[in-house]
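Enquirer: Handing you a structure now.
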Amino acid sequence: MAATTPVTLKLEPRTDRGRHLKTLRRQGRLPGVVYGHNVDAVTVMVDGREFVKAFQKVGRNQLVDLQLGDEPLRKALIREVQRNPRDGDLLHVDFYQVNLTEKIESEVPIELDGTVELVSKGEADLQRGLHALKVECLPTDLPPVITVDISGLKEVDDEIRVKDLAVPPGCEILDEPDDLIVKVSAHREEVEEVAPAPAAAEVPTVGETEAPAEGAEGEAPTES
C-alpha cells in the first residue's frame with residue numbers, strides 16, 4: 001500500500017566498512033548503503049526500528065526520503081533487505097537513489113480483486129501465473145500495486161494475460177504480452193495409484209542357482 005505522506009529516514013554516515021557491524025546491530029542500528037545511477041555509493045546506518053516502520057509503509061516500490069546529515073533529501077527505493085536465515089534478524093539494507101527525471105525499472109506486485117463464482121462454489125480452481133509485473137516508468141509514476149479484476153472470469157479456461165491489462169499511467173510493462181496472470185482451471189482428478197502385486201518368487205532347482213558376480217554379493221545378476 002502506498003504511503004499517504006512522505007516517509008523520511010534519518011541516516012548516519014558509516015566509515016568502518018565492515019568493522020564492528022555486530023556491535024551496531026546490538027545497538028539497534030542497521031548498516032546499509034545508498035547507491036544509484038551516477039551516484040557515488042555511501043555506507044550508512046539507520047535506526048532499525050525506524051527502518052521497519054518505514055518499510056512497512058513503502059515496501060520495495062515506493063519512494064522514501066533519506067536524510068543524511070545536513071545534505072538535501074535523497075529520493076530512494078528500498079532495493080534489498082538482507083536477513084539472517086536462522087532467526088530472521090535484519091542484517092543490511094540497500095537504498096537505490098533515484099533521479100526523478102529518469103525512468104527506472106522495478107517490480108510491482110499484482111493484487112487480485114473480486115471473486116470467480118466457479119471457484120467460490122468449489123467447481124474449479126484459480127491458477128496463478130505472474131505475481132508481479134516488471135515496469136518501466138518515472139519514479140513518481142511507480143504504482144504501489146497493479147490491481148487485476150477477476151470477477152469477469154465466468155467459465156473454465158477463461159484467463160487474463162499481460163496483454164489484457166490496463167497499463168498504469170506513465171508506465172510500460174516489460175513482461176511478455178502472453179504471460180499468464182490468472183486462469184480458471186478445471187479440477188484435477190486425483191487418481192490413486194495402485195501398487196502392482198509383487199511377482200511370485202521363482203524357486204530355483206538344484207543346479208540353476210548362479211553365484212553372484214564379484215563385488216556384487218547379495219545382488220541379483222543383471223540380465224543383458
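The values are calculated or read from the model by the stated rules, or taken from the named source; none is laboratory data. What you see is a predicted model; the values in this text were computed from it and never measured. A quick note on method: Cβ atoms are made from the backbone with ideal geometry, for glycine too, and the neighbour counts reach across all protein chains shown.
Enquirer: Touching a strand residue (DSSP E or B) at 6+ places or on another chain (Cβ under 8 Å) and surrounded by 13 or more Cβ atoms within 10 Å (Cβ to Cβ): which single residue out of Arg161, Arg188 fits that description? Outline the logic, then answer.
Expert: Details: Arg188 fails: surrounded by 13 or more Cβ atoms within 10 Å (Cβ to Cβ).
Step by step, each of Arg161, Arg188 is checked, and only Arg161 is touching a strand residue (DSSP E or B) at 6+ places or on another chain (Cβ under 8 Å) and surrounded by 13 or more Cβ atoms within 10 Å (Cβ to Cβ).
Enquirer: Does Val81 satisfy the criteria of being more than 30 Å from Glu155 (Cβ to Cβ), β-branched (Val, Ile, Thr), out of contact with any Cys (no Cβ under 8 Å at 6 or more places or on another chain) and part of a strand (DSSP E or B)?
Expert: Details: more than 30 Å from Glu155 (Cβ to Cβ): yes; β-branched (Val, Ile, Thr): yes; out of contact with any Cys (no Cβ under 8 Å at 6 or more places or on another chain): yes; part of a strand (DSSP E or B): yes.
In short, yes.
Enquirer: I'd like to check something: does the stretch 49-63 contain any residue that is of a type in the set (A, V, I, L, M), under 29 Å from Leu133 (Cα atoms) and either assigned to a strand (DSSP E or B) or touching a residue at least 60 places away in the same chain (Cβ under 8 Å) (or both)?
Expert: Within the stretch 49-63, the subset of a type in the set (A, V, I, L, M) is 52, 54, 58, 63.
Still in the list and also under 29 Å from Leu133 (Cα atoms): 52, 54, 58, 63.
Narrowing further to those that are either assigned to a strand (DSSP E or B) or touching a residue at least 60 places away in the same chain (Cβ under 8 Å) (or both): 63.
Taking every residue of the stretch 49-63 in turn, at least one turns out to be of a type in the set (A, V, I, L, M), under 29 Å from Leu133 (Cα atoms) and either assigned to a strand (DSSP E or B) or touching a residue at least 60 places away in the same chain (Cβ under 8 Å) (or both).
Enquirer: Something else now. If I ask for residues that are surrounded by 14 or more Cβ atoms within 10 Å (Cβ to Cβ) and out of contact with any strand residue (DSSP E or B) (no Cβ under 8 Å at 6 or more places or on another chain), which ones from the stretch 32-87 would you list?
Expert: Lys57 - this is the single residue of the stretch 32-87 that is surrounded by 14 or more Cβ atoms within 10 Å (Cβ to Cβ) and out of contact with any strand residue (DSSP E or B) (no Cβ under 8 Å at 6 or more places or on another chain).
Enquirer: What's the total number of residues in the stretch 10-47 that are under 20 Å from Tyr96 (Cβ atoms), in contact (Cβ under 8 Å) with a residue 12 or more places away in the chain and small (Gly, Ala, Ser)?
Expert: 2
Enquirer: If Glu107 satisfies all but one of (1) under 16 Å from the mean Cα position of the chain (by Cα); (2) under 19 Å from Arg29 (Cα atoms), what's the number of the condition it fails?
Expert: (2)
Enquirer: In addition: Just checking, how many residues over the stretch 118-150 are over 20 Å from Val184 (Cα atoms), surrounded by fewer than 17 Cβ atoms within 10 Å (Cβ to Cβ) and not aliphatic (A, V, I, L, M)?
Expert: So the count comes out to 5.
Enquirer: Please specify each residue of the stretch 48-63 satisfying the condition of being touching a Lys or Arg at 6+ places or on another chain (Cβ under 9 Å) and farther than 29 Å from Lys103 by Cβ.
Expert: Scanning the stretch 48-63 gives Gly48, Glu50.
Enquirer: Identify all residues within the stretch 121-133 that are of a type in the set (Asp, Glu) and assigned to a loop (DSSP other than H, G, I, E, B); write none if there are none. Step through it out loud before you land on a result.
Expert: Applying the first criterion (of a type in the set (Asp, Glu)) to the stretch 121-133 yields 123, 125.
Answer for the stretch 121-133, where residues must be of a type in the set (Asp, Glu) and assigned to a loop (DSSP other than H, G, I, E, B): just Glu123.
Enquirer: Against the condition crowded, with 18+ Cβ neighbours inside 10 Å, more than 17 Å from Pro139 (Cα to Cα), outside the structural domain of Pro144 (by TED's automatic domain parsing) and modelled with pLDDT under 90, how does Arg26 come out, does it pass?
Expert: Numbers: crowded, with 18+ Cβ neighbours inside 10 Å: no; more than 17 Å from Pro139 (Cα to Cα): yes; outside the structural domain of Pro144 (by TED's automatic domain parsing): yes; modelled with pLDDT under 90: yes.
Considered against the rule, which asks whether it is crowded, with 18+ Cβ neighbours inside 10 Å, more than 17 Å from Pro139 (Cα to Cα), outside the structural domain of Pro144 (by TED's automatic domain parsing) and modelled with pLDDT under 90, Arg26 comes out as no.
Enquirer: Taking the stretch 1-21, which residues are of a type in the set (D, E, K, R) and modelled with pLDDT under 75? Walk me through how you get there before you give the answer.
Expert: Looking only at the stretch 1-21, we keep the residues that are of a type in the set (D, E, K, R), and these are 10, 12, 14, 16-17, 19.
Of everything in the stretch 1-21, those that are of a type in the set (D, E, K, R) and modelled with pLDDT under 75 turn out to be Asp16, Arg17, Arg19.
Enquirer: Could you check Arg83 against (1) modelled with pLDDT under 95; (2) under 24 Å from Ile146 (Cβ atoms); (3) of a type outside the set (Phe, Trp, Tyr) and say which number it fails?
Expert: Unmet condition: (2).
Enquirer: Only one of (1) assigned to a strand (DSSP E or B); (2) assigned by TED's automatic domain parsing to the domain that holds Asp157 is not met by Leu118, so which one is it?
Expert: (1)
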